[in-house]
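Encoded as structure tokens, the structure appears first; notes follow it.
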Amino acid sequence: MIKICENFLRYLESCEALNNSRFSYDVSILLNYWLYDKLTNIYKDNNTNEISIGFGSLQLIRDKINYPKKNKPNYKKCKPNLNMVNHLDWNKRKELYEYYVDYPTLYGIAEHYDNKFDNYKKIEKKKSL
């Protein structure tokens, strides 16, 4: 859990997507899925009570640190949100969100190549979601 906390705080400090509004996707959603994935690896999928405690701990640490950018809007929105990811199908939801985030890039690359191109295959594979 300490390593997750260190990575989380480092990400909050250095993430360009948090500090730059030109990104077309909400990085806080991806961050929540990343945190949930890490916590389910530690506490296992079915131990939602422990995962809730882990999320609460991350919220507390995030809120208590003395960080100059703490009051900026992008930092405020990037708060661990258990309600966003605490679903039985959280992994499928994560894949779908990643698909929507990646779609414009993948489609732009794929339309310049034939059907055998790997990125095009990835798009076709994800369509079943």
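Exactly one residue out of Tyr67, Tyr75 is touching a Lys or Arg at 6+ places or on another chain (Cβ under 7 Å), modelled with pLDDT under 75 and over 30 Å from Leu88 (Cβ atoms), and it is Tyr75. Taken over the range 34-58, the residue count meeting the criterion of being among the aromatic types (Phe, Trp, Tyr) and touching a Gly at 6+ places or on another chain (Cβ under 8 Å) is 1. Pairs please, first residue from the range 1-30 and outside the structural domain of Tyr97 (by TED's automatic domain parsing) and among the hydrophobic types (A, V, I, L, M, F, W, C), second anywhere and modelled with pLDDT under 80 and assigned to a loop (DSSP other than H, G, I, E, B), Cβ atoms under 6 Å, 6+ apart in sequence or on different chains. Within 6 Å, the pairs are Ala17/Phe23; Leu18/Cys78.
The values are calculated or read from the model by the stated rules, or taken from the named source; none is laboratory data. Computed from a prediction, not measured in an experiment: that's the story for all the values here. Here the Cβ is made from the backbone with ideal geometry for all residues, glycine too, and neighbour counts use every protein chain on show.
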